[in-house]
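Below is one structure; the comments refer to it alone.
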Amino acid sequence: MTTTTSTEYAEPLHDLGTFVDERIRPIQGGYMKDCPEAVAILAKLRRGAGKPLSAVPELLGLTLDHGFYERFPDAHPHIDAAEAAAHEALTLYALHQQSKRDQGMHRRGRDLGGAVRRLMPGGTIDEPLRRRFVQAGSAVDQGVRLDRLRGIVKLLRAADVPLDYALLADQLYAIRAFKDGPARVRAAWGRGFQSYRPAATEGEGESGPAGSPAGA
């Protein structure tokens, strides 16, 4: 069962987010224990970060396994949206986790808006970063959105700020699958950005027990 700290609320996941959460957790735990298989998987997944699934078909078995197609069979009305969102979330996670052995970069309850706001300490607004964040939410072209997200993830990695990749997967799916999805996701990202307030112990306890996924 997923748990969070007392200052975090983890939004309930839908089918895609649940799949991504279940896919990441053993990889993350293995990587933090320096398990060769997990290290190899993350290295392969990183090659797909910022690229559409069609550009890296060799990753299909790593991102979209049998567990995915049990939830999203061929006849699913939004199968293309689900495939793309799962691929993007998993490969961005792999980029984020690179060289981070002391804590898991997938953490439930860390929404994108709040994560970006954590990059702006002291109550100041980093305008270039804010614009990049806004562009990620307003982009009509999926490639542009993915490029903006990749840039943000690299900043989060540099600052050791985790992100909820299961929630991100659900949101990327909603953007593609539903007419009101883009507006709903933009609102959620903006809400997370504006409502974030640093906790008294900000920066402490980012990871779970040694060798385990943060937030697990």
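The values are calculated or read from the model by the stated rules, or taken from the named source; none is laboratory data. Predicted model only: the values in this text are computed from it and were never measured. Neighbour counts are summed over all protein chains in view; Cβ atoms, including those assigned to glycine, are modelled from backbone coordinates with ideal geometry. Heads up: the accessible areas ignore ligands, DNA and RNA and are worked out on the full protein's heavy atoms, side chains in. Shrake-Rupley method; radii C 1.70, N 1.55, O 1.52, S 1.80 Å.
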- To the nearest 10 square angstrom, how much accessible area does residue 120 have with a 1.4 angstrom probe? 10 Å²
- For the chain: relative contact order, % (alpha-carbon pairs under 8 angstrom, 6 or more apart): 33 percent
- For Rg and Dmax of the Cα atoms in Å, with candidates (1) 16.1, 50; (2) 16.4, 59; (3) 21.5, 84, the value calculated from the shown model is option (1)
- Task: Provide the gained length on full extension for the span residue 178 to residue 71, in nm with one decimal, where the gain is 0.36 nm per separating residue minus the Cα-Cα distance.
- Result: 36.7 nm
- Tell me the label-point distance for the pair residue 120, residue 159, using the 7 Å Cα-to-Cβ offset, in nm and rounded to one decimal. 0.9 nm
- Message: How much length would be gained if the chain were fully extended between residue 199 and residue 8, taking 0.36 nm per residue of separation minus their Cα-Cα distance, in nm to one decimal?
- Response: 67.8 nm
- Message: Rolling a 1.4 angstrom probe over the protein chains, ignoring ligands and nucleic acids, what is the accessible area of residue 74 in square angstrom, nearest 10?
- Response: 130 Å²
- Query: How much of the accessible area of segment 1-150, probe 1.4 Å, is carbon plus sulfur, in whole percent?
  - Reply: 52 percent
- Once every DSSP H run of n ≥ 4 in the chain is given -39500 (n - 2.57) and the sum is divided by its residues, what mean residue ellipticity at 222 nm do you get, rounded to the nearest 500 deg cm²/dmol? -17500 deg cm²/dmol
- Fully extended contour minus Cα-Cα distance, from residue 58 to residue 191, at 0.36 nm per residue: 44.2 nm
- Label-point separation (nm) for residue 78 and residue 144, each offset 7 Å from Cα along Cα-to-Cβ? 2.2 nm
- Query: Which shape class, rounded, prolate or oblate, goes with segment 86-146 when its Cα gyration tensor gives a ≥ b ≥ c as root eigenvalues, a/c under 1.5 marks rounded, and past that a/b bigger than b/c marks prolate?
  - Reply: oblate
- Where a ≥ b ≥ c are the square roots of the eigenvalues of the C-alpha gyration tensor, would you call segment 1-120 rounded, which needs a/c under 1.5, or, failing that, prolate if a/b is larger than b/c, or oblate? oblate
- Task: Quote the accessible area belonging to residue 193 in square angstrom, nearest 10, computed with a 1.4 Å probe and with ligands, DNA and RNA left uncounted.
- Result: 10 Å²
- Note on the structure: Mean accessible area per residue over segment 27-184 (1.4 angstrom probe, all protein chains present, square angstrom) is 43 Å²
